[in-house]
Amino acid sequence: MRLGVQFRGQVPGGTSRRWFTHSWPEGWRVVWMVVPTWPMVDGAAQIEWKVQVDRQAAGLIKYFIEIRNLTGGPVDIEARFAVLN
């Protein structure tokens with residue numbers, strides 16, 4: 001298994017932002033996780049995300065990651081991946 005951070009960013013309060021990451025080999029089984037890194041809040045969920053996929057070329061995959069901030073203030077995030085095979 002390979003683990004890593006693909007990108008970091010910030011999502012303003014009450015909004016959504018969308019990122020993409022490209023040129024992933026189609027044979028890889030990739031799982032995406034998005035984690036809030038600031039502010040540190042022990043309470044309700046701060047974010048939610050969804051992943052969409054596009055075949056950008058023969059043998060290559062592009063992922064679109066949309067992150068929604070559920071709070072009223074900005075939230076810093078980290079998009080993490082795990083390649084399972």
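The values are calculated or read from the model by the stated rules, or taken from the named source; none is laboratory data. Values in this document were obtained by computation on a predicted structure and should not be read as measured data. Neighbour counts are summed over all protein chains in view; Cβ atoms, including those assigned to glycine, are modelled from backbone coordinates with ideal geometry.
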Could we say that T37 is assigned to a strand (DSSP E or B), of a type in the set (S, T, N, Q) and within 11 Å of the chain's Cα centre (by Cα) here? no
Can we say V51 is at pLDDT 95 or above, part of a strand (DSSP E or B) and over 9 Å from the mean Cα position of the chain (by Cα)? no
For the range 5-31: of the residues being touching a residue at least 60 places away in the same chain (Cβ under 8 Å) and not in a strand (DSSP E or B), which is nearest to A45 (Cα to Cα)? G13
Subset of the range 4-52 [touching a Gly at 6+ places or on another chain (Cβ under 9 Å), over 23 Å from G73 (Cα atoms) and surrounded by 11 or more Cβ atoms within 10 Å (Cβ to Cβ)]: E26
Might you let me know whether the range 56-72 holds any residue that is assigned to a strand (DSSP E or B), without any contact (Cβ under 8 Å) to a residue 24 or more places away in the chain and exposed (fewer than 12 other Cβ atoms within 10 Å of the Cβ)? yes
